[in-house]
1. Distance from the Cα centre of segment 42-113 to that of segment 418-443, in angstrom?
2. For an R0 of 56 angstrom, estimate the FRET efficiency from the Cβ-Cβ distance between I220 and N437 and round to the nearest 0.05.
3. Explain nothing, just compute: Karplus ³J(HN,Hα) = 6.51 cos²θ - 1.76 cosθ + 1.60, θ = phi - 60°, for every residue of segment 174-188 in order, whole Hz, x for Gly and Pro.
4. R181 to W278: FRET efficiency via 1/(1 + (r/R0)^6), r the Cβ-Cβ distance, R0 51 Å, to the nearest 0.05?
5. Would you list R123, R217, R181 from fewest to most Cβ contacts within 10 Å?
6. With the cut-off at 1.5 for a/c, could you classify segment 2-246 from its C-alpha gyration tensor as rounded, prolate or oblate?
7. For the cross-link pairs K5/K70; K424/K449; K62/K399; K135/K209, which exceed 20 Å when the distance is taken from alpha carbon to alpha carbon?
8. Tell me, in nm to one decimal, what length is gained between N97 and I288 on full extension, where the rule is 0.36 nm per residue of separation less the Cα-Cα distance?
Amino acid sequence: MKAEKIYHLFEVGRKSNQEDYIWPVAGEATENDKVFIVCDGAGKFDNGEIASKLICQFMAAKVLIYPEYKISEELIDKLLIEARERLITYTREYKLNTDLTTTFSMVILYDQKVLTCCFGDSRIFHVRDGEILFKSEDTSEVNELVHHDEMSVDEGGLQLSIKPVLHGIKADESPINAQVRWIDDVRPGDYFLLCSKGLLENVTDDDIKSLLHTNDRENIDLAHSFRELSEGKTIDNYSMYLIRVNVGIQKKNGSNGTKKVSNGTRRGRKQNKGSRTWPMLTLSITVIALLTLFFYLRRSRRPEPVPAFINQTTQPVDVGRRDSVASAISRPAHAASSSTTKDSAKVNPEMPQAIPQNENYIDLGAAAKSAQANQVTKQKSPTAQMRVRFTADESCSLKIVNVSLGDEIDWDISPSDIGTIFLKPGKYSIVATSVSNHAKTKTYQFDVKAGDAHSIQNVHILF
């Protein structure tokens, strides 16, 4: 299944800034993209874009790692919880209010069916021939207040609650139960609309049905048509992705539609068989030669890991953080580093701490000398020295501190990750903290020497 036509809106409305976030990034979606996400952020001081962007980019990077048969409601909830832990870590690091919230709506196009996922008051529609076949439910606080007659109506219409969304992804321990629905009945020309609640301020279900039905007959500019209904009238940000799909038709064996060949035609084909022999033989030889050359060149190249989301044209900007830290320890670009580590004593850059002799201490110098198998490459790199590869039984956050230089980075590891980091010579303290229980920590001390260059050390984190 492919996205035959893609329309999007990413408008500020009458607010001062944009707190929505969409994936792929506005204007970059192509027909090869399979994942479409719309998030509607909220929070004090109009900084809801932090939550919407962080959750949106994390989910866009994660969902394509898993094949279709592994995707389930439980897995989606698990990934959303993992994304929320990043949001919680961010709010703590920058001392932000925990009211940062975002709704979440996502559509994934598979070969013959579509996955829809919604959490909060963003909406998803499935439309065919001008009729809405499916519409996700609104689980926001606004909807609950309407059901309990707790909202007022004035001359300007419905007075929306100023409180943040109740059932959104929030930087706290609120439960997450996303609405996940598989749609098996998908036909060529069907539409899937994902939108934030701002679009629905002035766009009704009848408007959606009318515009899409008109487009089927006249091929109008749908993005412009939706914008006209909202521009200058919508208070909130309004964003959408509207995808018209083209479902591949599987070939069926059988006699239906197959014309019988007459005896005369068969004789004619038999007579022409000799005239086609040489061109077919030449073509076969050419194909074999090209395949041989391809596999020879492929074997001669050093194999490199291919990301699981390679078929997605538009890739999440922060996806590199999922697997590795590209260079040795360095300061984060977004903030100055701190000289403290979570759940451990303060680190003094001028007076390095003594390395405790316990089961967590790893003598990297001995490990480098003990085995030839640890050699990774013979070419020296200006930054890559000791390679440390992490795996974990549960999701955890890492604070990696170069005690000698006072530099640090924060990093996240999940059970499905194999994280790799390169360390230059120096003393390091690495503190692992469980995402599900922050009281569970594990500290690793590394003393990397110049002689440890190009060696590798595996560390499995088990609390």
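The numbers here are math on the coordinates, done by the rules we state, and not lab data. Note that the coordinates shown come from a computational prediction; the quantities given were computed from them, not determined experimentally. Please note: Cβ atoms are built from the backbone with ideal geometry, for glycine as well, and neighbour counts cover all protein chains shown.
1. Value for the Cα centre distance between the two parts: 23 Å.
2. Values: r = 54 Å, r/R0 = 0.97.
For R0 = 56 Å, the calculated efficiency reads 0.55.
3. Along segment 174-188, the couplings run 4, x, 10, 9, 6, 7, 10, 9, 8, 10, 8, 7, 10, 10, x Hz.
4. The calculated FRET efficiency here is 0.35.
5. Ascending Cβ contact count within 10 Å gives the list R217, R181, R123.
6. Since a/c reaches 1.5 but b/c is at least a/b, the shape of segment 2-246 is classed as oblate.
7. In this structure, K5/K70; K62/K399 exceed 20 Å between Cα atoms.
8. 62.4 nm
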